[in-house]
Amino acid sequence: MSLIEQIRESEKFISDQLSGQTPSIGLILGSGLGVLADEIDNPVTIQYHEIPHFPQSTVEGHKGQLVIGELQGQTVVAMQGRFHYYEGYSLQHVTFPVRVMKQLGVEKLVVTNAAGGINESFNAGDLMLIEDHINNMGDNPLMGKNVDELGPRFPDMSQAYDRDLIEVAQKTADELGLEVQRGVYVGNSGPTYETSSEVKMLRTLGGDAVGMSTVPEVIVANHAGMRVLGISCISNMAAGILDQPLSHDEVIETTEQVKQQFIQLVKQTLQSL
Ligand code: HPA
């Protein structure tokens, strides 16, 4: 079955469970940030494993579901849990849900993640509006024959993160009295955290934060002509910046602490999108 047919089948499976709602905004919720989906009103929840052609989640205990409903007056489709390259999926599989979102009618995509801070003026617990990214995964979800119905062979990535959406989020943060950072997100494959030398290299290359997601989804969203807003939760300072080892527990703990600010920022921003 062709990729387009797979996308259409997934989309139909999902649409058939909705009573006519058309989500116009997609949310991809990163580690620890999935709680936002719990605030969606009149939710229709669909497990990933039920949806035809969706990748099957490998990580036990991770929620893997789509939540479709109303949030701040907008009809949204949220991914509570995402797929990562380091889990062994191809980038085509990692990004399949983005293509299904597009088919459902999504025009704007809000992508979130937890990331390590590389910019030394950042602190653990900061939120960062993503201005641009560096694809350091050594792969690209658009490899292979281009499907022209889905987007162009050589997509423009010069404004991968929509400037107007960044300004809306910035204005919202200002109104809420939240200080947010802005910067460049580097996407690594993981699953290892970086060495100190790699972090120095990424800083020299212009990175402000580093993580193991987001870049593939944003590439496919741009290919599909969607407008993207990206927000990182700086869950820790990247390796070597502080004199301490990194742990997944620290990432979870910090995300837990700033979750409320993050939720506030995304919800308020949604209102103005
Ligand atoms: N590096 C890579 N990915 C991450 C980090 C980090 O320091 N923190 C959270 N995700």
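The values are calculated or read from the model by the stated rules, or taken from the named source; none is laboratory data. Being a predicted model, the structure only gives us computed values, none of them experimental. Every residue, glycine as well, gets a Cβ built from its backbone with ideal geometry; the counts of neighbours run over all protein chains shown.
Observations, loosely collected:
- Filtering Val94, Val100, Val76, Val67 for residues that are touching a residue at least 60 places away in the same chain (Cβ under 8 Å), under 23 Å from Ile252 (Cβ atoms) and buried (at least 21 other Cβ atoms within 10 Å of the Cβ) leaves a single hit, Val94.
- When restricted to residues that are assigned to a loop (DSSP other than H, G, I, E, B), touching a strand residue (DSSP E or B) at 6+ places or on another chain (Cβ under 8 Å) and more than 21 Å from Ser31 (Cβ to Cβ), region 131-172 contains 2.
- When each of Asn236, Asn222 is tested for being at pLDDT below 95 and buried (at least 18 other Cβ atoms within 10 Å of the Cβ), the lone residue that passes is Asn236.
- Residue check for Val210: among the β-branched types (Val, Ile, Thr), at negative phi, touching a residue at least 60 places away in the same chain (Cβ under 8 Å) and more than 14 Å from the ligand (Cβ to nearest atom): no
- When Gln268, Gln264, Gln244, Gln257 are screened for being closer than 23 Å to Gly26 by Cα, surrounded by fewer than 18 Cβ atoms within 10 Å (Cβ to Cβ) and either in contact with a strand residue (DSSP E or B) (Cβ under 6 Å, 6 or more places away or on another chain) or not hydroxyl-bearing (Ser, Thr, Tyr) (or both), only Gln264 passes.
- Between Met237, Met212, the distinction of being over 17 Å from the mean Cα position of the chain (by Cα), more than 26 Å from Gly73 (Cα to Cα) and not acidic (Asp, Glu) belongs to Met237 only.
- Residue match in region 80-93 (condition: under 16 Å from the mean Cα position of the chain (by Cα) and farther than 24 Å from Gly187 by Cα): no
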